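Enquirer: What follows is a structure written as structure tokens; I'll ask about it next.
The values are calculated or read from the model by the stated rules, or taken from the named source; none is laboratory data. Source: prediction; values computed, not measured. All Cβ positions, even for glycine, are placed from backbone atoms using ideal geometry, and neighbour counts span all protein chains on display. The accessibility values were calculated without ligands, DNA or RNA, using every heavy atom of the protein model including side chains. Shrake-Rupley method; radii C 1.70, N 1.55, O 1.52, S 1.80 Å.
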Amino acid sequence: MSLPRVAIVGRPNVGKSSLLNMLARAKVSIVDPTPGVTRDRVSAVIELDGPLKTEEPKLAEVVDTGGYGVYTAEGARFDDAGEDLSRLTDEIESQIGAALQDADIVLFVIDAQAGITALDDTIAKLLRESGHIGKRGSGGAEIYVVANKIDTSAWEPYAPEASNLGFGEPIPVSAKTNYMRRSFAEKLFEILPASSRRDLDDDPEMKIALVGRRNIGKSSFVNALAGQERCIVSEIAGTTRDAIDVRFEFDGKTCLAIDTAGVRKRTHFADQVEYWAFHRCQLAINRSDVVLMLIDATDKVAATDKKLGNQIAEEYKPCVIVITKWDLTEGRKTTKGVEVTTEDYQKYIEKELPGLAHCPIIFTSASEETGLRESVEIAFDLFEQSRQRLGTSKLNKVLQTILDSRGPTSRLGREAKILYASQVTTSPPTIVMVVNDPKLFHGQYERYLLNRFRELTPFAEIPVRLLFRQRKRADLADLLSGKHRADQRARKGSGASDLVVEGDEDFAIEGEID
């Protein structure tokens, strides 16, 4: 059994996205006065508490949709590139229809301060004629009108006007100020069918974020994975704004693909919406297990690609570099008349994105439908690599092999020594090395260690975090009182096999590695 689905619909700028964010208690959907900000279906799982503490909470999946007739209403019809956004109307309303078809409950949101408009009446008529609306248990969705923007008690008398739409008494609330939020949540709790965490679909085994420049094919990639038109695909650059979570099955495993807005230079942001879209892209990278970075083979690697690559590297995220439109590049010749090969292009990518030089590269073609499955398979492989843990004994043997080949260079007459090493966590694999002076290991030798670790451990194609910690000497008073020795015995007695990397925690040193 899956969770009940709640679809939020209405005309532009009535507060649908704000309502979703209020219920989710998070900034899931971008909120902005500009009409047409939301285009795809944006969803979140919410948990509602009942009026009584003895009642079990109810869960539901709430779906925010684009505004009906968004680009025929007043507002920005043309984007900063002069594209006519009204061309997206059919796709947006198709996404609304899909949300209605899957819904158990529909929240029809109106702006109580503006009153009932002609477009509200049109939407009410469309909902009645859609065939998706009916009483619960009849195979349709039950519809409720939400009178939003009841910001204070002075606006409460304006809510009953919405009953003229023919869907019963409206539910008043203000998603912006949270006025009447409690009564709204209790009403939603009342109309929701019983549900709990037991009804949640399996948690995804892996979360994949798809990132890249605008109009590079991320939404098409996600739709292919989902096997349905889950995200709007258009030749208009910047169609995707929010980060869209899409579940899909892969070889019997549940996965989550996160479609993100295409990035471009901040100096080229058209408005505040693009800034928030870029921010959502950053958050998607942070919460993902693996990143698929899409690069257009027909164009040069741009400064935006390099900045995005640096961010992925700084977050220590496993990454698959997906080269799109390879069918349009294969067979082309360079200025010297030499045919471009995958090996040549791989060297080019490694040169342009040195921070991701260890990442696997796969060449894909949307028209020929090649590379999609391979990209996910490689992502799973990287995900497994990132969860590997090396025992302390094995790790120190690897480190001894590296030191035998090339040890750290001493500086200013001070000898560099590595005393001990241990892996303290996974995803990313984090290795703490206790040394006599961390300053002696930063820079060139640190990069050398990382490269050798990838050669000699299961972490061949993923980022590894190295932390250098200086051996902490016991305080003289502790030595004289015996406290330091007692602490060591307590630490050994605890049976802890890993080191803790927080503040100035002491480390259990078991001798030097010569």
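Enquirer: Any idea how far the Cα center of region 138-193 sits from the one of region 404-461, in Å?
Expert: Between the Cα centres of region 138-193 and region 404-461 lies a distance of 60 Å.
Enquirer: Could you order 324, 409 so the one with the most accessible surface comes first? Probe is 1.4 Å.
Expert: 409, 324
Enquirer: Compare 374, 461 by solvent-accessible area with a 1.4 Å probe and give them largest first, with all protein chains kept in place.
Expert: Listed by decreasing accessible area, they come as 374, 461.
Enquirer: Once Lys and Arg get +1 and Asp and Glu get -1 on their Cβ, which of 402, 365, 380 lies farthest toward the positive end of the dipole of region 357-408?
Expert: 402
Enquirer: Ignoring everything but the protein chains, give the 1.4 Å probe accessible area of residue 380 in square angstrom, nearest 10.
Expert: 20
Enquirer: Still on this model: So which of 16/317; 218/347; 125/149; 351/397 end up more than 27 Å apart, counting from Cα to Cα?
Expert: 16/317; 351/397
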